[in-house]
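Right, one structure below, let's go through it.
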Amino acid sequence: MQTRRKFLQSAPALAALPLLAKGEKKPKDEGLTLGFSLYGMKTLKTGDALMRLNAIGYDSVEFCLNPGWDAAPDKLPAQRRRALRALLGHFELALTALMVNCSLAGDQKPHHEKLKQATQVAHDLAPDAPPLIETVMGNGKWDAVKNQFRDHLGAWAEIAEKSKTLLCVKPHRFGACNLPEHAVWLVEQIKSPSVKLAYDYSHFAHRDLSLEKTIQLMMPHTRFIHVKDTVLKDGKPRFVLPGESGQIDYRKLLRLAHKAGYRGDINVEVSGQVWGQPNYNPITAALKSYRHLAPAFDQ
């Protein structure tokens, strides 16, 4: 297996960036890992992505199961699932989550099928410690759809419970469920140990919602954390890489979450608003994100 230094020295995509020295690897913090979501590496094969994340220094990874990504269930026959399981071990990366975009609005049959496929992938790739399944919840006006969301989430909970898989739903600033109190209301209505929350402060930035308040509200129910930044462009929010806005204090975020009892993954999610740009380089994005976030773990 290549050493981290040898890999970085040989990777053309990183040639223009300063090399990570061995001593710069993120300090270990008990109960917290630093991960990267392959949602931001759509153009790479999963095995290649794992090698590069290991070389950079990440602890963990989220696979993306959406159509068009390399880890979509229909691209993972049994033999390939076994191979990816071996690669995760080889590159010492914990598989903490599987992203699959579902919706609590409208016809639920296709979304139930997506969730069932995801639970099977979770157990095939990491039978001893299946990753959680993470999803947003769909569009609409909250007051008009919240009861429908509650009822449909109850059916999702049954799928998660039956498969012994944890499901985490994430409020999204452009979705119907877009505030911490919306998300907390849903999981408290369901009261299922198999349905918890994913927290992502980028969906609350520039909305007069502080780190302190959102963490206080959501962390008792949160089992997964995504990180990225948000900037205002022409008065409209736009997602960017973590650290690019300079407005989110990640040391503070980690400290508050840890103090609130969170023990889990801090996972970089690169928005489609970023990876959809013509000059986007997934390896550069992963390295830049790591360089910004890793120092936050020293406290």
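The values are calculated or read from the model by the stated rules, or taken from the named source; none is laboratory data. Not measured: the values here are computed from a predicted model. Don't worry about glycine lacking a Cβ; one is built from the backbone with ideal geometry, like all the others, and counts go over all protein chains shown.
Please determine whether any residue of region 34-42 is within 22 Å of Ile283 (Cβ to Cβ), modelled with pLDDT of 95 or more, of a type in the set (A, V, I, L, M) and in a loop (DSSP other than H, G, I, E, B). Yes, the conditions are met somewhere in region 34-42. Those helices (runs of 4 or more DSSP H) of region 78-173 in which 2 or more residues are among the acidic types (Asp, Glu) occupy 109-125, 142-163.
Any idea which residue in region 256-271 is farthest from Pro220 (Cα to Cα), counting only those that are in contact (Cβ under 8 Å) with a residue 12 or more places away in the chain and surrounded by fewer than 20 Cβ atoms within 10 Å (Cβ to Cβ)? In this case the residue turns out to be Ser271.
Among the residues of region 279-290, those identified as of a type outside the set (S, T, N, Q), in contact with a helix residue (DSSP H, G or I) (Cβ under 9 Å, 6 or more places away or on another chain) and in contact (Cβ under 8 Å) with a residue 12 or more places away in the chain are Pro282, Ile283, Ala285, Ala286, Leu287, Tyr290. Restricting attention to region 47-64, the residues that are in contact with a strand residue (DSSP E or B) (Cβ under 7 Å, 6 or more places away or on another chain) and farther than 18 Å from Gly264 by Cβ total 2. The set of residues in region 194-212 being part of a loop (DSSP other than H, G, I, E, B) and either under 13 Å from Ala260 (Cα atoms) or in contact (Cβ under 8 Å) with a residue 12 or more places away in the chain (or both) consists of Ser194, Asp200, Phe204, Ala205, His206, Arg207, Leu209. Here is a check on your reading of the model: is Leu253 closer than 23 Å to Gly35 by Cα and either at pLDDT 95 or above or surrounded by fewer than 19 Cβ atoms within 10 Å (Cβ to Cβ) (or both)? Against the criterion (closer than 23 Å to Gly35 by Cα and either at pLDDT 95 or above or surrounded by fewer than 19 Cβ atoms within 10 Å (Cβ to Cβ) (or both)), Leu253 qualifies.
Considering only region 90-100, I want to know if a residue exists there that is within 30 Å of Phe297 (Cα to Cα) and over 20 Å from the mean Cα position of the chain (by Cα). Checking region 90-100: at least one residue is within 30 Å of Phe297 (Cα to Cα) and over 20 Å from the mean Cα position of the chain (by Cα). Taken over region 228-245, the residue count meeting the criterion of being surrounded by 16 or more Cβ atoms within 10 Å (Cβ to Cβ) and of a type in the set (Asp, Glu) is 2. Checked against (1) surrounded by fewer than 16 Cβ atoms within 10 Å (Cβ to Cβ); (2) modelled with pLDDT of 95 or more, Val187 meets all criteria but (1).
Does at least one position in region 61-72 carry a residue that is aromatic (Phe, Trp, Tyr) and under 28 Å from His152 (Cα atoms)? Yes, region 61-72 contains at least one residue that is aromatic (Phe, Trp, Tyr) and under 28 Å from His152 (Cα atoms). Selection of region 107-134 for residues being polar (S, T, N, Q) and either in contact (Cβ under 8 Å) with a residue 60 or more places away in the chain or farther than 19 Å from Leu197 by Cα (or both) yields Gln108, Gln117, Gln120.
Here the condition is being aliphatic (A, V, I, L, M), assigned to a strand (DSSP E or B) and crowded, with 17+ Cβ neighbours inside 10 Å; of Ile225, Ile248, Ile215, it holds for Ile225 alone.
Selection of first residues in region 150-166 that are more than 14 Å from Gln108 (Cβ to Cβ) and of second residues that are part of a helix (DSSP H, G or I) and modelled with pLDDT of 95 or more, restricted to Cβ pairs under 7 Å at least 6 apart or on distinct chains, gives the following pairs, ordered by first then second residue: Ser163/Thr119; Thr165/Thr119; Thr165/Ala122; Leu166/Ala160.
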